[in-house]
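So the structure is just underneath, and the comments pick up after that.
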Amino acid sequence: MVISQWKWFRTATQLKGSVLKAVLPRVFLCGIFGFVVSALYKQGWAVNWPTADSLIPSLVLGLLLVFRTNTAYDRFWEGRKAWGSIIISVRNLARQIWVSIPEPEPEDRQAKIEALRLLLAFAVATKLHLRGEPVTNELAAFMPLSRYEKLQGMNNPPLEVAFWIGDYLQQQHRRDRLSIQQLTAMYGLLDNLVAALSACERIQKTPIPLAYVIHLKQLLLIYCLSLPFQMVKTQGWQTGLTVALVSFALLGIEEIGIEIEDPFGHDANDLPLDAICGTMQRNIEDLISLSPSFYTVPEALTVTSLLDASEDF
Amino acid sequence: MVISQWKWFRTATQLKGSVLKAVLPRVFLCGIFGFVVSALYKQGWAVNWPTADSLIPSLVLGLLLVFRTNTAYDRFWEGRKAWGSIIISVRNLARQIWVSIPEPEPEDRQAKIEALRLLLAFAVATKLHLRGEPVTNELAAFMPLSRYEKLQGMNNPPLEVAFWIGDYLQQQHRRDRLSIQQLTAMYGLLDNLVAALSACERIQKTPIPLAYVIHLKQLLLIYCLSLPFQMVKTQGWQTGLTVALVSFALLGIEEIGIEIEDPFGHDANDLPLDAICGTMQRNIEDLISLSPSFYTVPEALTVTSLLDASEDF
Amino acid sequence: MVISQWKWFRTATQLKGSVLKAVLPRVFLCGIFGFVVSALYKQGWAVNWPTADSLIPSLVLGLLLVFRTNTAYDRFWEGRKAWGSIIISVRNLARQIWVSIPEPEPEDRQAKIEALRLLLAFAVATKLHLRGEPVTNELAAFMPLSRYEKLQGMNNPPLEVAFWIGDYLQQQHRRDRLSIQQLTAMYGLLDNLVAALSACERIQKTPIPLAYVIHLKQLLLIYCLSLPFQMVKTQGWQTGLTVALVSFALLGIEEIGIEIEDPFGHDANDLPLDAICGTMQRNIEDLISLSPSFYTVPEALTVTSLLDASEDF
Amino acid sequence: MVISQWKWFRTATQLKGSVLKAVLPRVFLCGIFGFVVSALYKQGWAVNWPTADSLIPSLVLGLLLVFRTNTAYDRFWEGRKAWGSIIISVRNLARQIWVSIPEPEPEDRQAKIEALRLLLAFAVATKLHLRGEPVTNELAAFMPLSRYEKLQGMNNPPLEVAFWIGDYLQQQHRRDRLSIQQLTAMYGLLDNLVAALSACERIQKTPIPLAYVIHLKQLLLIYCLSLPFQMVKTQGWQTGLTVALVSFALLGIEEIGIEIEDPFGHDANDLPLDAICGTMQRNIEDLISLSPSFYTVPEALTVTSLLDASEDF
Amino acid sequence: MVISQWKWFRTATQLKGSVLKAVLPRVFLCGIFGFVVSALYKQGWAVNWPTADSLIPSLVLGLLLVFRTNTAYDRFWEGRKAWGSIIISVRNLARQIWVSIPEPEPEDRQAKIEALRLLLAFAVATKLHLRGEPVTNELAAFMPLSRYEKLQGMNNPPLEVAFWIGDYLQQQHRRDRLSIQQLTAMYGLLDNLVAALSACERIQKTPIPLAYVIHLKQLLLIYCLSLPFQMVKTQGWQTGLTVALVSFALLGIEEIGIEIEDPFGHDANDLPLDAICGTMQRNIEDLISLSPSFYTVPEALTVTSLLDASEDF
């Protein structure tokens, strides 16, 4: 009990992941401005402006801030869903490849493992592409050197990886290892991968309309700067502190929206893309350690499925 | 009538499932602090701070709390939907396996029942995986010992169970018990199971961005601690009680959000995963008690579907 | 014009479907309490508590109430969508069965009509299952007696009906009346039926988390009971009436949430499940009155589709 | 610039599409009532009721109104989406029919055009069905007289049109003009049409729960009628005007919700169903003016696809 | 750090993309009106109207504004999603065409490239169609002259392009270059393209119901014009400035909604459709630079897939 209470306070005062550092300069400026106004007021200047809350109705400001918060969070969560979709498609496609494609010749097994690695390469390439980073060594481990070099000249590396996966599947079909129905279903999963990639690009390249961003900042400015004039009469020397606290509350919410709305970076508040890619890699490794049941009847299978049932396998 | 009224009050004062116990220490602290402030005020200290509601606009705080509530509930409900999707896919996959796969030999029936048990194993393994619990005896009942032991070394046990189900289906297809079209459709349902598993993992592993959590706690702290200064002049000795009530209202809402956002645990406010798994088990048992119609024409069926229509069955 | 105005007022004062009766006792209690407080105040007791709205900020209460309202309505509407999905799948499955399955022998037609009746049985069984009612005569009209009796011992009758429908379709495929592609597509529609059933069960069995329900009731209680102390100074003897009106507004909203969140019952505010089932029955009857075009070429059809095109029909 | 400013004011004062006319009588009544109260007050009656905003918290009322607005608009937009889905399915189904079905005999072309007309008939029949209008001449143009007459006796005409479309497609398959895979895909599009029809029916036949409607009207009544007592002291003779303006704002929002929530009628605020049907008709006409490429190789096509590739075309 | 702070202020005062210019005239008018009222008040006129915030409750106005903001943004985002769907379908369809269709004869390759160009033509034609612009040279680059001329007489050019793509695919199937299963899957992607086009048309042609637009403008007018009367007593000569600031906040939000709700134009706040089309073009060009693996085994492929596996390829 005591521990959970203590944890609550520790989180409340935590610095990492907080927006405190980002908004502090602006909060400080607002506080100084509030102090200056109260000093002028004490000197007898007529800086008192009794607007009684109606200057930028705090309701309108609050609702706009929540709108900002909601849309930013929606983008964050939609980005997470797109990555969830990548995980799902990678897992399903890997399992289907592993279970469905027979391995009559030793090199088939190697080709299958290479295909599974390409699935991981797709995820990693997507991560790098979204972060605007070049094709690095991180990708080299998942493919032959020739492909790795080819990848470096491309506008959109993940799309090329998807092309290779599709090419591998089509080839297996042409060699009668994969029925047309399963090929089509796997193409559907591959389509999902490209859809998730495109969804991430959509989130990244279409920010919240500029007009909202500007209008919200303008209203925040007007609100924070008019605050001292409204409260200097009642608050006196406390004006600066109050203004700083209020502007911390408001600017902090806006700042979180800014940090969250592009969730593909390296910050504490971004999606843990490296961990997600690591999870997929472990799942694939686990899969490779399992043996599909056609290992147990290799003879029969080769005969039946590759010669007789050629049209239906 | 009287009963329903009475029930209303009983629920309102119920302790189980309530967050009262969790927030009481913090509420108590706030009340004490309010009492101290009022005592100082009565001693003549200048602790009066006439901010007239504008220090942390209560609107902003309220909207942030509702944002917290909404997102936490969305996560709860999304987790429930993912489990609903598991129920749906298990029911449909079980029915299709039971109806579609013929049983020319006695051991085929046993294999079918084993496959249905694997579906239940998937659900139970997902439950344990989400709760971070090890592979326990609960799972042993649904599979042979060799598989159960294999499962214990895996990073993600449900994925392995999905692999076995897929392997069983592919095997039935290879033995001409299942047409490629039905195999593909069943793979789609299996994909749904893995998608639901992945959705649950997504909910569990991606909390609400830390920046929101911290900022909300900070605003709550500032709000509750500044409250006594604002109201001590009008409320006098009642200050402590009022502050305690207000902080109970606010901290309670935040606490609910915390409890709800990871809905896969053992608490009163979590999803009833054990009951859900039990429901699926009863459904499967009911299904096994029913006889698909090919039992009634076993002769004709064997001849027609297994010899002549071998490519199309 | 006058009529529409008049209708407006009549609806506003309508009793049926209103929550007035349900909340009246509690509203009355609050009013009495308010009257007692004002009486004490007039006697000179110090029951005045000048909290100036900050005791349970009305914003927080209001937003919680709206959260309650939204989630309850979402559940209502989701339940409606699930039933809409049942209607859609029944209509499409019925049309496909009627159009696609040929009737070379007279009893085939009877079997088709029986299958359509099973679709209706699914809907009715779902209705009864959701209402927690036993398998009644309402269902007996849609199936042979033997099945009706079998149904009575089942945990989840609709699932069994779905099994029978699936079994019928698989049988048609085995007898070469239905191609494997159409069978698979129809299975997809059958899966949708089970998905809708499961969605309804999910809504019914997963209430809004208890912690919200309790916390909201507690805040409502504190709000309504503290109200007279806050307003007794300004309102005097009117306190009781005002408290009663306010508590009517608030408790009424909460009560609606309670009534709406489980929408499968018999109340005025529940979904019209009986009417929905009736609509489906009329649609099926209309369908049976129509003749698919293979009646006009019965000879050719029998020859072509049942002998030659056996693998492709 | 001047023009856009001018347009703004013209829209603000526009009568057509506005709810002014609908709410005016009630607004007028409220104003009169306010005037009477102020007159009584001036006569010295004790009609002053200093509730200080807490009688029906305006927040609760406002949030309920917005809830009303949101749900009504959601229904409007969902209805629009259902019609969008009809447009999409009609376009796709028409294109697939036009491109995929060969025309070896002259009457085949005529049959195809008739099928496209049935698609339009489905849309028009849905429109009439949702508006509760009988089967009129508008439909007669799209089908033979015999069908038109048959349609008049049906409970749900669009469903029957869907049956005819399905029957046409199944017939083409039986005559080897359409592969089973394409037939199944087209059935999927036909299912979408029926799903969209059913979604519209759902919106139309399931209003917002009565309890909400009644409670909102009651709170609006209490709010508007208690307003003069609250403000008569400060406003004096202006009370009537103020009450009229406030009630215009509130009743107007509620009235819009009423007008919007059933969007299938003939009002200015309803969906432009006639225009939508017209668009579809133009799209179909454009399509008919195009020639699929099998016209250019009629000889080869007849031989290949109708004799040799009979099972696969 | 300093840079990011500076950027914040620069954005706040940015003119491009802001709605300042659009609302300035109306804001100016409101300010003038406020000044006139204060002047009259100083002259001793009885223009003081002490409504104490209840004339158009600011809550109702604020919530309506947020409703406007939300729906406008939803439309913007839905339009973006539709274009995202176009990107996804173009990428997937292009990849499948490139990988799946063999090229035994040299002109086949040219035909494939032409088909990919048609995909781009679809996107560009959709862009022009949504903007109400005629078929221009921008399209001519993607198709033969004859088709380009044909396109100019059409009501809905993108639909015609979709027809040509479908025709190309059907032709490949007829020539045994594309299995029926892959044809059906590609038709599904083509259907998605038409669905996205139709979704954009729906957003464009169905504005927010007129009744909302009018009512919101009326309430804004009443609010802004009654403001000076309410505050002239406390604010004196500052009335004009305050009214201007408040009306800037409110009218600005409404104006953003107007600009955002039709996101297909050329404004700074519209979707970057030209850039999106450019991205697709680069993706297609990258794809064409890659060689599917059947180039490496042309001999074997021709023999196997075009002669033997003719029905299954």
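The single condition among (1) part of a helix (DSSP H, G or I); (2) of a type outside the set (S, T, Y); (3) surrounded by fewer than 21 Cβ atoms within 10 Å (Cβ to Cβ); (4) within 7 Å of another protein chain (Cβ to nearest Cβ) that E:L290 does not satisfy is (1). Take the residues in region C:96-110 that are assigned to a helix (DSSP H, G or I) and surrounded by 17 or more Cβ atoms within 10 Å (Cβ to Cβ); name whichever of them is farthest from the other protein chains (Cβ to nearest Cβ). Residue satisfying both the conditions and the ranking: C:I97.
Scoring B:I101 on the criteria (1) at pLDDT below 95; (2) within 17 Å of the chain's Cα centre (by Cα) leaves a single failure, condition (2). With respect to (1) surrounded by 15 or more Cβ atoms within 10 Å (Cβ to Cβ); (2) of a type in the set (S, T, N, Q); (3) without any contact (Cβ under 8 Å) to a residue 40 or more places away in the chain, the lone exception for A:Q172 is condition (3).
Residues are listed down the side, and each one gets a yes or a no for (1) at pLDDT 90 or above; (2) more than 29 Å from C:T126 (Cβ to Cβ); (3) of a type in the set (D, E, K, R); (4) in a helix (DSSP H, G or I):
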| position | (1), (2), (3), (4) |
| --- | --- |
| C:D191 | yes, no, yes, yes |
| C:Q218 | yes, yes, no, yes |
| C:S226 | no, yes, no, yes |
| C:W237 | no, yes, no, yes |
| C:A244 | yes, yes, no, yes |
| C:F248 | yes, yes, no, yes |
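For residues that are at the interface with chain A (Cβ under 8 Å from one of its Cβ atoms) and of a type in the set (A, V, I, L, M), scanning just region E:71-95, find the one that is farthest from E:V161 (Cα to Cα). Looking at residues that are at the interface with chain A (Cβ under 8 Å from one of its Cβ atoms) and of a type in the set (A, V, I, L, M), I get E:I88.
This table checks each residue for (1) of a type in the set (S, T, N, Q); (2) touching a strand residue (DSSP E or B) at 6+ places or on another chain (Cβ under 8 Å); (3) over 15 Å from D:L225 (Cα atoms).
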| position | (1), (2), (3) |
| --- | --- |
| D:F28 | no, no, no |
| D:F67 | no, no, yes |
| D:Y73 | no, no, yes |
| D:S100 | yes, no, yes |
| D:D108 | no, no, yes |
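A search for C-beta distances below 8 Å between a residue of region B:6-21 that is surrounded by 13 or more Cβ atoms within 10 Å (Cβ to Cβ) and any residue that is basic (K, R), counting only pairs 6+ apart in sequence or on different chains, returns B:W8/C:R26; B:W8/C:K217; B:T11/C:K217; B:A12/C:K217. Restricting attention to region A:231-247, the residues being at the interface with another protein chain (Cβ under 8 Å from one of its Cβ atoms) and not hydroxyl-bearing (S, T, Y) number 5. Consider region B:256-272 and keep the residues that are within 8 Å of chain C (Cβ to nearest Cβ) and part of a helix (DSSP H, G or I). The one that is surrounded by the most Cβ atoms within 10 Å (Cβ to Cβ) is B:I256. Of the residues making up region D:198-217, those that are within 30 Å of C:Q238 (Cβ to Cβ) and more than 7 Å from every other protein chain (Cβ to nearest Cβ) number 1. When region B:122-146 is filtered for residues that are acidic (D, E) and assigned to a loop (DSSP other than H, G, I, E, B), only B:E133 remains.
For B:Y41, the requirement of being away from chain C (no Cβ under 11 Å) and either modelled with pLDDT of 90 or more or not in a loop (DSSP other than H, G, I, E, B) (or both) is met.
Taken over region C:12-30, residues that are within 10 Å of chain D (Cβ to nearest Cβ) and over 14 Å from B:I3 (Cα atoms) amount to 9. For region B:185-197, a residue qualifies if it is surrounded by 23 or more Cβ atoms within 10 Å (Cβ to Cβ) and within 7 Å of chain A (Cβ to nearest Cβ), and the qualifying residues are B:Y187, B:D191, B:V194.
Out of curiosity, is E:A249 under 37 Å from the mean Cα position of the chain (by Cα), over 23 Å from D:F76 (Cα atoms) and without any contact (Cβ under 8 Å) to a residue 24 or more places away in the chain? It is true that E:A249 is under 37 Å from the mean Cα position of the chain (by Cα), over 23 Å from D:F76 (Cα atoms) and without any contact (Cβ under 8 Å) to a residue 24 or more places away in the chain. If you go through region E:218-230 and pick out every residue that is more than 23 Å from D:I253 (Cβ to Cβ) and either more than 12 Å from chain A (Cβ to nearest Cβ) or touching a Pro at 6+ places or on another chain (Cβ under 8 Å) (or both), you end up with 1.
With respect to (1) facing chain D (nearest Cβ under 8 Å); (2) free of Cβ contacts under 8 Å to residues at least 12 places away in the same chain, the lone exception for E:E149 is condition (1).
Scanning region E:147-184 for residues that are part of a loop (DSSP other than H, G, I, E, B) and of a type outside the set (S, T, Y) gives E:G153, E:M154, E:N155, E:N156, E:R175, E:D176, E:R177, E:L178. As for region E:47-68, it holds no residue that is at pLDDT 85 or above, surrounded by fewer than 21 Cβ atoms within 10 Å (Cβ to Cβ) and not acidic (D, E).
The values are calculated or read from the model by the stated rules, or taken from the named source; none is laboratory data. These figures come from a predicted structure and were not determined experimentally. Backbone-built Cβ (ideal geometry, glycine too); neighbour counts: all protein chains shown.
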